[in-house]
Amino acid sequence: MNASLFLTGMLLSGGIPTASPSESPMIDVFVSDSSGCVQRDERGQPFGPDIDRWRAIAGELELTEDVDYRFRFTPFGEIFDSVENNPNAVGLSCISATSRRLRNYRIDYSFPYYEAGIGVMMKSQDTSALETLMNAFRNEDFRFATILLFVSIFIAGIIAFVLTKLIAADDDIKGPFGGVYFALVTSSTVGYGDITPKSRIMRIFAMVMILFFIPMYGYQQGTMTSAITTANLSNQVNSLSDLRGKRIATVKDTTSADATQTLGGKVHLKESLEEAISAIEAGDVDAIVFDAPALRQHIHTTGATDLQVLGGKLSEENYVIVLSQGNDRKWEIDRTILKLRETGQMARIYQRWYGQ
């Protein structure tokens, strides 16, 4: 009886200490800068759309950075292990909710804070004349026809020089270079008139050259036209089906990597989105398959005019926050996400990073 009265008195008077929010363990927010939704500045500090989203959630929950929570960088594939083994941790970096991850890890998902999808980034279709010609030169028939033409002109020029030297000394061809020049202007039927065959043997040789090279020029020009047309058609990616056989970059350990395997292309796994973008800009790959918002964010923030995101989505994705199973903060995080979506704050964050 006396003990009960004592405890009651202590509770009423505030004598028994209770846990306060400031005494709660610090929340580890695991993020990855390989996703495009989280990046590092020159000081190594995180920024990006997902950082803004978490700070908005934390602000509603009255959580202070470096006091109640801290950001911790980790490779994307290790976020799930880190959260699973830390009951006071969360993870976000454009993480898609999949049943496979729930099977493989003892984790839970928050309410989706954004409904996205996997998109395709490619080079803009506009190419210069030089780029078109270089693409056409990859055609084996065009290469063969062009090399054969120039070798034949060179041989004809040497023959013309030798004939002049041995038989027709009165002709105007001076030296091997003069012979090649004579063969070129004669075979192409340009005929500037500065070098003209005077002897009968040289006139016969000029007629033979013209008759020989007219079909050869036609063959070379025909293969060039065909090669340019083929190169232009093969470079066009207007739908997901056009990716078959193409070189496709994606980020490993992501749902995008799983989706890319179904496209029938040559998959290049990269460590980060930045590495994939460097590959497409260098011409090492033809397209990037990744989260569409992250692809649009790169174009929006960098102002890149040589890249574009293909219309449509490879698959629908729901971005979520990953929590350990039984995390006490799940309910209040879900409630806050719903509130931020209803008030339009999530939409404003999207517009800030991805444009309209």
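The values are calculated or read from the model by the stated rules, or taken from the named source; none is laboratory data. Computed from a predicted structure; not experimentally measured. Here the Cβ positions follow ideal geometry from the backbone for every residue, glycine too, while neighbour counts run over all protein chains shown.
Among the residues of segment 259-277, are any closer than 22 Å to Ala116 by Cα, in a helix (DSSP H, G or I) and modelled with pLDDT under 85?
Within segment 259-277, one or more residues are closer than 22 Å to Ala116 by Cα, in a helix (DSSP H, G or I) and modelled with pLDDT under 85.
Starting from segment 344-356, take each residue that is touching a residue at least 60 places away in the same chain (Cβ under 8 Å) and list its partners that are of a type in the set (A, V, I, L, M) and surrounded by 13 or more Cβ atoms within 10 Å (Cβ to Cβ), counting only C-beta distances under 6 angstrom and pairs at least six apart or across chains.
What qualifies is Gln345/Ala56; Met346/Leu340.
Every residue in segment 55-114 that is out of contact with any Cys (no Cβ under 7 Å at 6 or more places or on another chain) and of a type in the set (Gly, Ala, Ser), please.
Scanning segment 55-114 gives Ala56, Ala58, Gly59, Gly77, Ser82, Ala89, Gly91, Ser96, Ala97, Ser99, Ser110.
Just for strands (runs of 3 or more DSSP E) wholly inside segment 280-356: which have at least 1 residues that are under 26 Å from the mean Cα position of the chain (by Cα) and surrounded by fewer than 19 Cβ atoms within 10 Å (Cβ to Cβ)?
Because the criterion is at least 1 residues that are under 26 Å from the mean Cα position of the chain (by Cα) and surrounded by fewer than 19 Cβ atoms within 10 Å (Cβ to Cβ), the strands (runs of 3 or more DSSP E) in segment 280-356 that meet it are 307-309, 315-324.
Go through Leu340, Leu323 for me and flag whichever is in contact with a helix residue (DSSP H, G or I) (Cβ under 6 Å, 6 or more places away or on another chain), more than 24 Å from Thr254 (Cα to Cα) and of a type outside the set (D, E, K, R).
Being in contact with a helix residue (DSSP H, G or I) (Cβ under 6 Å, 6 or more places away or on another chain), more than 24 Å from Thr254 (Cα to Cα) and of a type outside the set (D, E, K, R) holds for just one of Leu340, Leu323, which is Leu340.
The rows are residues; the columns are (1) assigned to a loop (DSSP other than H, G, I, E, B); (2) farther than 26 Å from Lys252 by Cα.
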{"site": "Gly44", "(1), (2)": "yes, no"}
{"site": "Asp50", "(1), (2)": "no, no"}
{"site": "Val67", "(1), (2)": "yes, yes"}
{"site": "Arg72", "(1), (2)": "no, no"}
{"site": "Gly77", "(1), (2)": "no, no"}
{"site": "Gly91", "(1), (2)": "no, no"}
{"site": "Arg100", "(1), (2)": "no, no"}
{"site": "Arg103", "(1), (2)": "no, no"}
